[in-house]
Each structure stands twice: as structure tokens, then as C-alpha cells.
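To keep things clear, I will list the structure first and then write my remarks on it.
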Amino acid sequence: MPQSIVVTDRLPAPAQTLLGALQSLAGMKRSEAERLIRLGVVEVSGIVRTQGHWRVAPGDRIQWEPVPAPPPVAAPSSTREPVEILFEDDAIWVLAKPAAMLTVPTTWGESNTLQGWATKRLQRQVPGGKACCVQRLDRGVSGVLVMAKSLAVAQQLRTQFAARKPKRRYIAIVLGNPQQQRGTVQSYMATDAQLNRYSVQDPSQGELAITHYQVQFQLQDAAMIQVELETGRRNQIRVHMADLGHPVLGDPRYGRNFPPHPQWVWDRLGLHAYALRFNHPVTGEEMDFDLPWPEPFRVFKRKATPASETARGGRRSPASRKPQDSGRDDG
């Protein structure tokens, strides 16, 4: 249930920021206030604000949706890396990003990021080396991505992505059942003052974004959809699914105007990058990687599959290539 406070003139001027108001007037700890702001669930006078230093004024109503914090995660032991390495040589890594980890730091300057982890690993071999980001997965999204060990290699890979050569496939769990079993969403991605992305049809106002999708499983008030990106804009899948009226489950930003699914209980997005194919930037060899579904996806599919479909052994739309479900999820 939404909670709210009204900024009063008793709030000292130095504390008249969104972060300061939540701490002083709502009694939040700083870490909790920062977390809610970062999740995009805090509004100031009806507008989502994602910057803690946003200035507020007496009379502003601050409203937020309480989002339970994820359970604490034990620090990884020294004998086990927190990130799975799918491939590594002198030029690149192919990594499996955990959902809870950022790809790169935000303006908050987080230290526990995939790029930071890779840079520390590289510097044990090459003093002063720095891992270079080629593609990103949002916080809350798990899956496979490639990262370069030098700027020259990164630029070569970025050229491939700009030319739309790599194949990127995702499994998305969305709210409701799309009427069309397959389709393409095309728009131009624009960004508002709060860094939210949205679709426009005017090419002069945004970046071209093309998303192909195909329904794989129809569940109770949800669907599992294979998504293939033709372009790779920030938040592209999340925005396009919300544009269709079927937001990704667990999305506090683009799904905030839709009811939550009662069986999605995980503090992550229902989005997983399960397949990546590209050419090695040095050898030219075709590299092809697939990942199994995360445990929450397998559990959700098992619980949310309609009984009539379970009795028939499941129902699947035809697909040229299915996600990695057979033998590596609940079956």
C-alpha cells in the first residue's frame, strides 16, 4: 500500500532534498531511502524522481511504494568467484551476470559491479588494466554478456553491436497473455528528465529500437516470451513490453501502473539473457553461448502453469528456437 508524507516548512533548508525528507520526515535509514529512490518507486507531487538530491519544497507530497529489501546475501568465499566465467582468453570474457549485480556503477558510485569485479581480476594479470564494458544488463536482469580486456577490443565488439550482428535472446516473464503469439515492436527511445525511457514515433526525438518477441508458454495471468533484440537500447525490452500492456514481472519502473502478479515473489526482474552469439574480435570465430533459466523462472513456471495445460504436458507456441527449458528447468 502506498505511503506518503508532505514536506513542511519545518524541514531545514539543507535537508530539503528527496533523500533528506525521507530520512527526516519518514524516519527512514539512509540506505533504505536510497534503495527506494533507485528502484523508481518514489514520487514527488505525482512525478517519479530517481535522484536523492532532488530539491523538494514545503507542500510537496512524497509518495512511495514499500518494496521489501532482498534477504542478505552471504559474501562469497575466497575459493568461489561470485561471477560465473563462461569463456576467457587474452581479449575477452563471456560472463554470466547475477541479477543482483550492476553491470557498471551508477551515479551512486557502487563498488560491487561486474565491471569492477572484472577489472580487479584483470589487474592481477595486467597491472593498471581496466575491463571495458561492451553491453549492459540492467540491475535485476541476469544472463550472458561479453566484456573486453582492452579499449581496442571493446571498440571492435561495439562495432559489431552497432551493425546489429550479434544475436541476443532473452526469456521474459510478462504480465497477462499477449493476443498475438509473435510480433515486432518498433519505436524510438527517448529519455525524460528522471532518466526514464519511453517510446515515441518521431525519429528526431529518440533512438531506433526494434524488439522481436514470440510467446513460449501461456501461464496463469502471465506468459513466458522469447525476445530477440535487433537493437540494444537501455531498458528496451522493459519499455516495449509495457507498451504492449504486458510489463516484465517485478519491474518497479515500467510496470508500476500495472497490478503485481501474486506469484512473482522475487526481488528481481522476470528477464534473463539466455543466449548470445557474436564473432570473436581477434580470431573472427563465431562464439555461441547459452544459459539455463534461473531458479525463480523454473519455480514460477511450475506454479503458474494452468492445470489444464499441466494435464496435457504443457502448451507451447511453435518456435524456430526455444529457450533453454528442456532438462534444465522443471520440464
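The values are calculated or read from the model by the stated rules, or taken from the named source; none is laboratory data. Computed from a prediction, not measured in an experiment: that's the story for all the values here. As a convention, Cβ positions derive from the backbone with ideal geometry for all residues, glycine included, and neighbour counts pool all protein chains shown.
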All conditions in (1) touching a strand residue (DSSP E or B) at 6+ places or on another chain (Cβ under 9 Å); (2) more than 23 Å from residue 132 (Cβ to Cβ); (3) not in a strand (DSSP E or B) are true of residue 179 except (1)
Please go through (1) more than 27 Å from residue 261 (Cβ to Cβ); (2) crowded, with 21+ Cβ neighbours inside 10 Å for residue 174 and return the number of the only condition it doesn't satisfy.
(1)
The residue that is farthest from the chain's Cα centre (by Cα), considering only those in the range 92-136 that are of a type in the set (Val, Ile, Thr) and assigned to a strand (DSSP E or B), is 92
Do you know which residues across the range 39-67 are buried (at least 18 other Cβ atoms within 10 Å of the Cβ), closer than 23 Å to residue 260 by Cα and touching a Ser or Thr at 6+ places or on another chain (Cβ under 7 Å)?
40, 62
For the list (1) surrounded by fewer than 22 Cβ atoms within 10 Å (Cβ to Cβ); (2) assigned to a loop (DSSP other than H, G, I, E, B); (3) not aromatic (Phe, Trp, Tyr), I need the number of the one condition that residue 246 fails.
(1)
Mind checking whether some residue in the range 234-242 is free of Cβ contacts under 8 Å to residues at least 40 places away in the same chain and under 15 Å from residue 188 (Cα atoms)?
yes
Of the listed residues (187, 150), the one being polar (S, T, N, Q) and assigned by TED's automatic domain parsing to the domain that holds residue 289 is 187
Got at least one residue in the range 223-243 being of a type in the set (S, T, N, Q), within 17 Å of the chain's Cα centre (by Cα), surrounded by fewer than 22 Cβ atoms within 10 Å (Cβ to Cβ) and assigned by TED's automatic domain parsing to the domain that holds residue 291?
yes
Note on residue 124: of the conditions (1) surrounded by fewer than 14 Cβ atoms within 10 Å (Cβ to Cβ); (2) touching a strand residue (DSSP E or B) at 6+ places or on another chain (Cβ under 8 Å); (3) of a type in the set (D, E, K, R), unmet is (2)
For the range 140-176, the count of residues that are part of a strand (DSSP E or B) and either more than 27 Å from residue 128 (Cα to Cα) or not small (Gly, Ala, Ser) (or both) equals 15
When you check residue 255 against the structure, is it more than 20 Å from residue 192 (Cβ to Cβ) and either assigned by TED's automatic domain parsing to the domain that holds residue 99 or part of a loop (DSSP other than H, G, I, E, B) (or both), yes or no?
no
Does residue 207 count as touching a residue at least 40 places away in the same chain (Cβ under 8 Å), outside the structural domain of residue 95 (by TED's automatic domain parsing) and among the charged types (D, E, K, R)?
no
Restricting attention to the range 258-310, report how many residues are part of a strand (DSSP E or B) and either free of Cβ contacts under 8 Å to residues at least 24 places away in the same chain or closer than 18 Å to residue 96 by Cβ (or both).
13
Scanning the range 192-204 for residues that are closer than 20 Å to residue 47 by Cβ and in contact (Cβ under 8 Å) with a residue 12 or more places away in the chain gives 194, 195, 196, 197, 198, 199, 200
Among the numbered criteria (1) touching a Leu at 6+ places or on another chain (Cβ under 9 Å); (2) more than 29 Å from residue 247 (Cβ to Cβ); (3) not β-branched (Val, Ile, Thr), which single criterion is violated by residue 99?
(2)
